[in-house]
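The structure under discussion appears below in the form of structure tokens.
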Amino acid sequence: MENKINRITAAVLSAAVIAALVLTTVRAAGGKAADELDAVSFPRPSLSSVVNGEFGRDLGEYFAEHFAGRDMWLGMKAHLEAGVGESIVNGIYISDQRLVDTHTSLRRVELTNADPVNSFASEYDGAVYFVAVPTSAGVYGSTLPEHLANNHEKQQIDRFYEELGSRVRKIDAYNILKPISDNYIYCRSDSKWTSYGAYCVYKTVIQKLVFQPIAYDKYSIRHVFSDYRGDLYDRTRYMKCPDDVLDIYDYSSGAEVLSCLKYDNDGSYHAASVYDLEAAGNGDKYDLYLGKDAPLMKIRTSVSNSRKLLVIKDSFADCFIPFLLQHYSEIAIVSPEYMEGRLKDHIDPDKYEQTLFLFGIDSLSQKGILDLLY
């Protein structure tokens, strides 16, 4: 009787796996990604890729990302492992309070070479500032198990800052965020910070840029989305962690945005929005901040001081930049990850009297992330 039950169970599981594989293949043939994931496209075989094994690896990666019912299987795996005391799922530390990416905790990640920034600063007529933002693992290290506690992020940032030359002014975001870690400064289901976390760093940054920050009580705060689930949730599908809230900070008596343009690598451009409700409603809700990624974005405001700022950034700056709008007549925003060629092929930095670099250290661990400055 027991053998019969085992055979039936094996047959049902095998049928389920085969059905999922067939469905995944059909979706691939139809050009549709299972669960609407587009991170990995279906690989195209060639003689060389088949011979050297590259096609097989790419095909395995595709099926792993697009496997039919992937969300359901991930969620089941996360909840089952959490139920038996396993706290790490797909490299994410899970708890009922937040999800934390542990890859910087489990291995010492070296940050990128600072030489491109130094070269930029040596040729630039204006003032250069750099903000390296720690991960939530670094800020919330005391809440993690001892073997995961990330105590070296501060040292990583300090070493990177030591490599920056005297022409670059370093701003210590770590020591701003660490003492206020009891506040809602990082998303619970995403690797990025919240608008409040960005605001806390803005207060110091804008003073270094020789302006007075807008007081917190001068803003009216709109909770645009209260059900946001970010990239860490996507990697675990762990449902018990609370949703995140995406806020807009309105300063009604301040300057207005006169124009907002996004530029593609070919020089073409189109109108955009600082807060893009349409993009957020049709895709990733975090696109609320600046909308879909673009190599270059220019914002003009009604501020009458003729001050211009160049921002070179990763996604940590997306909810940070709106706080800067009350201080500059024009802000140009460069995203190296999406820009082709060299910086000067797209914009003349010397038209901007200040340049602010703002990157999370995850981005700074990617070799070549700043190479476009050459």
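Rule-based calculations on the coordinates, nothing more; no lab input. Bear in mind that the values here come from a model prediction, so they are computed numbers and not experimental data. Neighbour counts are summed over all protein chains in view; Cβ atoms, including those assigned to glycine, are modelled from backbone coordinates with ideal geometry.
Using a basic spin-label model with each label point 7 Å from the Cα along Cα→Cβ, how many nm lie between residue 342 and residue 184?
For residue 342 paired with residue 184, the spin-label model returns 4.6 nm.
Quick one: grab Rg to one decimal and Dmax as a whole number for the range 242-374, Cα atoms only, in Å.
14.7, 45
Find out how many positive minus negative residues lie around residue 221, taking Lys and Arg as positive, Asp and Glu as negative, among other residues whose Cβ is under 14 Å from that of residue 221.
Taking every Cβ under 14 Å from that of residue 221, the sum is -1.
Could you list 99, 164 in order of exposure, starting from the residue whose Cβ has the fewest other Cβ atoms within 10 Å?
In increasing order of surrounding Cβ atoms, one gets 164, 99.
Say the cut-off is 27 Å between C-alpha atoms; which of 192/292; 313/351; 262/351; 298/344; 208/285; 154/344 go over it?
208/285; 154/344
I want to check the label-to-label distance for residue 264 and residue 119. Put each point 7 Å from Cα in the C-beta direction and report it in nm to one decimal.
Roughly 2.9 nm, to one decimal.
How would 195, 122, 95, 315 line up from fewest to most surrounding beta-carbon atoms within 10 angstrom?
Listed from fewest to most nearby Cβ atoms, that is 122, 95, 315, 195.
When a footprinting reagent is the concern and you count Cβ atoms within 10 Å, what order do 235, 167 take, fewest first?
Fewest to most other Cβ atoms nearby, the residues stand as 167, 235.
Under the definition of Cα pairs under 8 Å and six or more residues apart, what whole-number percent is the relative contact order of the range 230-374?
Relative contact order comes out at 22 percent.
Distance in nm between label sites at residue 257 and residue 227, each 7 Å beyond Cα in the beta-carbon direction?
The two pseudo-label positions are separated by 2.5 nm.
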